[in-house]
Amino acid sequence: MPGLIFDPGSEGTDQRFGYVVPKFSGRCVCCSADAGGHVEHYDITAPSGAGHIRGAPVPMPVCQACIPHALDRTSAGYLAGSVLALGVLGIAVGFFMGESEAQGPVMAGGALLAAGGAGWALLQSAREKREKQPGHHPRLYFAVLPGMTSLISDNAALIDELLALNPNARRPGPPASG
Ligand SMILES: [Zn+2]
Ligand SMILES: [Zn+2]
């Protein structure tokens, strides 16, 4: 699944705004070229899909060529990311509930939401495929919910980079169970 969840409350996280601001390497989030220090700001306050969290825009490195297409700014993109984040949150909540009657339904509901959100995001990115150029991964989605920050991109190099730079980043999915 091409995306990341950022858990709050971990080291290496800027939480000034009440949500996780991921650290980026300085390479373009779309084509992984050197962005030359240029950043585009992802405004999480714009559409209402972000759960009414207000805060400063999140700076992300974007090279000059990718400015028009690197970041998704549609409300549908926010909603897809939010649904995914909510689903993962449900799985996590269910996991920490321990053995109880509600655990199964909560985790199942969470898994359903996470799958739906990811599928929705993929559907949208598929819709954009015709304008996609080789080596580019346009329309990064970034979504914020209380206590949950998620980023969706099909740029595998970016995902790996963010995993390395952000100790609190992880791939979405149920917690590993033994
Ligand atoms: Zn670029
Ligand atoms: Zn690009």
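The values are calculated or read from the model by the stated rules, or taken from the named source; none is laboratory data. Because the structure is predicted, anything quoted here is derived from the model rather than measured. Every residue, glycine among them, receives a Cβ derived from its backbone with ideal geometry; neighbour counts consider all protein chains shown.
Restricting to the range 1-59, give me the number of residues that are modelled with pLDDT of 85 or more and assigned to a loop (DSSP other than H, G, I, E, B).
Here the count works out to 15.
Could you list, ordered by first residue, the pairs with Cβ atoms under 6 Å in which the first is in the range 64-77 and of a type in the set (Ser, Thr, Tyr) and the second is modelled with pLDDT under 90 and not in a loop (DSSP other than H, G, I, E, B), at least 6 apart or interchain?
Every condition considered, the pairs that remain are SER75/GLY49.
For the range 19-38, give me each residue that is touching a helix residue (DSSP H, G or I) at 6+ places or on another chain (Cβ under 6 Å) and within 13 Å of ligand 2 (Cβ to nearest atom).
Answer for the range 19-38, where residues must be touching a helix residue (DSSP H, G or I) at 6+ places or on another chain (Cβ under 6 Å) and within 13 Å of ligand 2 (Cβ to nearest atom): CYS28, VAL29, CYS30, CYS31, SER32.
Select from the range 139-168 the residues that are within 16 Å of ligand 1 (Cβ to nearest atom) and modelled with pLDDT under 90 and write down the one among them that is surrounded by the most Cβ atoms within 10 Å (Cβ to Cβ).
Of everything passing the filter in the range 139-168, ARG139 is surrounded by the most Cβ atoms within 10 Å (Cβ to Cβ).
Would you confirm whether any residue within the range 78-101 is loosely packed, with under 15 Cβ neighbours inside 10 Å, within 16 Å of ligand 2 (Cβ to nearest atom), at pLDDT 80 or above and not polar (S, T, N, Q)?
no
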